[in-house]
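The values are calculated or read from the model by the stated rules, or taken from the named source; none is laboratory data. Predicted, not measured: the structure shown is a model, and the values here were computed from it. Heads up, the Cβs are rebuilt from the backbone with ideal geometry, glycines too, and the neighbour counts pull from every protein chain shown. All accessible areas refer to the heavy atoms of the entire protein, side chains included, with ligands and DNA or RNA removed. Shrake-Rupley method; radii C 1.70, N 1.55, O 1.52, S 1.80 Å.
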Amino acid sequence: QVQLVESGGGLVQAGGSLRLSCAASRRTISGYSMGWFRQAPGQERESVAVINTSGGSTYYEDSVKGRFTISRDNAKNTVYLQMNSLKPEDTARYYCAVVLNTGAPIRRWEYKYWGQGTQVTVSS
(Lines give C-alpha, C1' and ligand atoms only; values in the text may rest on other atoms or scores of the structure.)
Protein backbone atom coordinates (compact mmCIF):
# COMPACT_ATOMS: atom_id res chain seq x y z
CA GLN A 1 0.00 0.00 0.00
CA VAL A 2 1.24 3.47 -0.89
CA GLN A 3 -0.30 6.68 0.37
CA LEU A 4 0.27 9.85 -1.61
CA VAL A 5 -0.20 13.42 -0.47
CA GLU A 6 -0.16 16.28 -2.96
CA SER A 7 0.54 19.90 -2.13
CA GLY A 8 1.33 23.17 -3.85
CA GLY A 9 -1.90 23.94 -5.63
CA GLY A 10 -3.60 27.29 -5.49
CA LEU A 11 -4.89 30.30 -7.38
CA VAL A 12 -2.53 31.99 -9.80
CA GLN A 13 -2.84 34.48 -12.62
CA ALA A 14 -2.24 33.47 -16.21
CA GLY A 15 1.46 33.44 -16.96
CA GLY A 16 2.34 32.56 -13.39
CA SER A 17 3.98 29.47 -11.93
CA LEU A 18 3.24 26.80 -9.36
CA ARG A 19 5.21 23.82 -8.11
CA LEU A 20 3.26 20.74 -7.09
CA SER A 21 4.74 18.14 -4.77
CA CYS A 22 3.63 14.61 -4.05
CA ALA A 23 5.05 12.76 -1.07
CA ALA A 24 4.75 8.98 -0.86
CA SER A 25 4.39 7.10 2.41
CA ARG A 26 6.30 4.06 1.25
CA ARG A 27 9.87 3.76 2.49
CA THR A 28 11.14 3.67 -1.06
CA ILE A 29 9.56 4.53 -4.38
CA SER A 30 12.60 3.77 -6.48
CA GLY A 31 10.80 0.91 -8.24
CA TYR A 32 7.70 2.95 -9.01
CA SER A 33 6.89 5.05 -12.01
CA MET A 34 5.12 8.25 -11.03
CA GLY A 35 2.73 10.51 -12.82
CA TRP A 36 0.67 13.65 -12.63
CA PHE A 37 -2.87 13.66 -13.95
CA ARG A 38 -5.56 16.31 -13.99
CA GLN A 39 -9.31 16.46 -14.16
CA ALA A 40 -11.41 19.49 -14.96
CA PRO A 41 -15.15 19.55 -14.14
CA GLY A 42 -17.11 17.47 -16.61
CA GLN A 43 -14.00 16.06 -18.24
CA GLU A 44 -12.11 12.80 -18.03
CA ARG A 45 -8.94 12.54 -16.02
CA GLU A 46 -5.98 12.94 -18.34
CA SER A 47 -2.30 12.32 -18.02
CA VAL A 48 -0.15 15.43 -17.76
CA ALA A 49 3.34 14.10 -17.18
CA VAL A 50 4.94 10.84 -16.12
CA ILE A 51 8.44 9.83 -15.13
CA ASN A 52 10.10 6.45 -14.94
CA THR A 53 11.91 4.98 -11.97
CA SER A 54 15.31 6.53 -12.69
CA GLY A 55 13.98 9.85 -13.91
CA GLY A 56 15.65 9.32 -17.25
CA SER A 57 12.46 8.96 -19.23
CA THR A 58 9.55 11.34 -19.17
CA TYR A 59 6.31 11.93 -21.05
CA TYR A 60 4.33 15.15 -21.39
CA GLU A 61 0.89 15.77 -22.75
CA ASP A 62 1.17 17.98 -25.82
CA SER A 63 -0.47 21.04 -24.30
CA VAL A 64 2.06 21.25 -21.44
CA LYS A 65 5.26 20.53 -23.34
CA GLY A 66 7.80 23.28 -22.80
CA ARG A 67 5.85 24.69 -19.83
CA PHE A 68 5.73 21.85 -17.28
CA THR A 69 8.59 19.79 -15.90
CA ILE A 70 8.25 16.58 -13.92
CA SER A 71 11.04 15.46 -11.63
CA ARG A 72 11.53 13.10 -8.73
CA ASP A 73 13.71 12.76 -5.66
CA ASN A 74 13.83 9.11 -4.67
CA ALA A 75 15.69 9.93 -1.45
CA LYS A 76 12.69 12.02 -0.37
CA ASN A 77 10.06 9.73 -1.91
CA THR A 78 8.70 12.77 -3.71
CA VAL A 79 7.69 13.70 -7.24
CA TYR A 80 7.34 17.29 -8.41
CA LEU A 81 5.57 19.13 -11.19
CA GLN A 82 6.93 22.56 -12.01
CA MET A 83 4.30 24.47 -13.93
CA ASN A 84 5.29 27.66 -15.73
CA SER A 85 3.42 29.97 -18.10
CA LEU A 86 0.13 28.74 -16.71
CA LYS A 87 -3.01 29.21 -18.76
CA PRO A 88 -6.67 29.28 -17.72
CA GLU A 89 -7.14 25.95 -19.50
CA ASP A 90 -4.70 24.39 -17.02
CA THR A 91 -7.34 24.85 -14.33
CA ALA A 92 -8.14 21.43 -12.88
CA ARG A 93 -7.63 19.19 -9.91
CA TYR A 94 -4.19 17.63 -10.18
CA TYR A 95 -3.57 14.11 -8.96
CA CYS A 96 -0.38 12.22 -8.28
CA ALA A 97 -0.26 8.49 -8.98
CA VAL A 98 2.30 5.69 -8.79
CA VAL A 99 2.63 2.16 -10.05
CA LEU A 100 5.21 -0.56 -9.54
CA ASN A 101 6.52 -0.39 -13.08
CA THR A 102 9.81 0.78 -14.50
CA GLY A 103 8.49 1.94 -17.84
CA ALA A 104 6.52 5.14 -17.11
CA PRO A 105 3.08 4.14 -18.40
CA ILE A 106 0.94 7.05 -19.55
CA ARG A 107 -2.60 5.70 -19.23
CA ARG A 108 -4.46 6.50 -16.02
CA TRP A 109 -5.84 2.97 -15.66
CA GLU A 110 -2.31 1.63 -15.44
CA TYR A 111 -1.73 3.41 -12.14
CA LYS A 112 -2.61 1.69 -8.90
CA TYR A 113 -2.20 4.25 -6.13
CA TRP A 114 -3.64 7.76 -6.19
CA GLY A 115 -3.55 10.83 -4.03
CA GLN A 116 -6.55 13.00 -3.16
CA GLY A 117 -5.51 15.76 -5.52
CA THR A 118 -4.73 19.44 -5.24
CA GLN A 119 -6.69 22.20 -6.96
CA VAL A 120 -5.00 24.50 -9.46
CA THR A 121 -6.95 27.52 -10.63
CA VAL A 122 -5.55 29.89 -13.23
CA SER A 123 -7.32 33.20 -13.67
CA SER A 124 -7.25 35.16 -16.90
Region 69-119, dipole about Cα centre (Lys/Arg Cβ +1, Asp/Glu Cβ -1), debye to the nearest 20: 120
Straight distance only, please: which aspartates and glutamates reach the Cα of Lys65 with their own Cα at less than 16 Å, same-chain residues fewer than 8 apart left out? Glu46, Glu89, Asp90
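For region 38-124, which chymotrypsin sites (Phe, Trp or Tyr not before Pro) are in a loop by DSSP, counting at most 10 other Cβ atoms within 10 Å?
Passing sites in region 38-124 do not exist.
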Using the crude model of +1 on Lys and Arg Cβ and -1 on Asp and Glu Cβ, and no other charge, please compute the dipole size for the chain relative to its Cα centre, in debye to 20. 300
Run the quick spin-label model on Leu11 and Asp73: label points 7 Å from Cα toward the beta carbon, then report their separation in nm to one decimal. 2.9
Kindly report the accessible area of the chain per residue (heavy atoms of protein chains, probe 1.4 Å, no ligands, DNA or RNA), in Å². 51
Carbon and sulfur together cover what percent of the accessible area of the chain at a 1.4 Å probe radius? 44
Ignoring the sites themselves, what is the longest stretch of the chain with no GluC sites (Glu not before Pro) in a DSSP loop and at most 16 other beta-carbon atoms within 10 Å? 62-124
Per 10 angstrom bin, beginning at 0 and ending with the bin that holds the maximum distance, the Cα pairs of the chain fall in percents of 15, 51, 29, 5, 0
Expressed in nanometres to one decimal, the distance between label points 7 Å along Cα→Cβ at Asn84 and Glu46 is 2.2
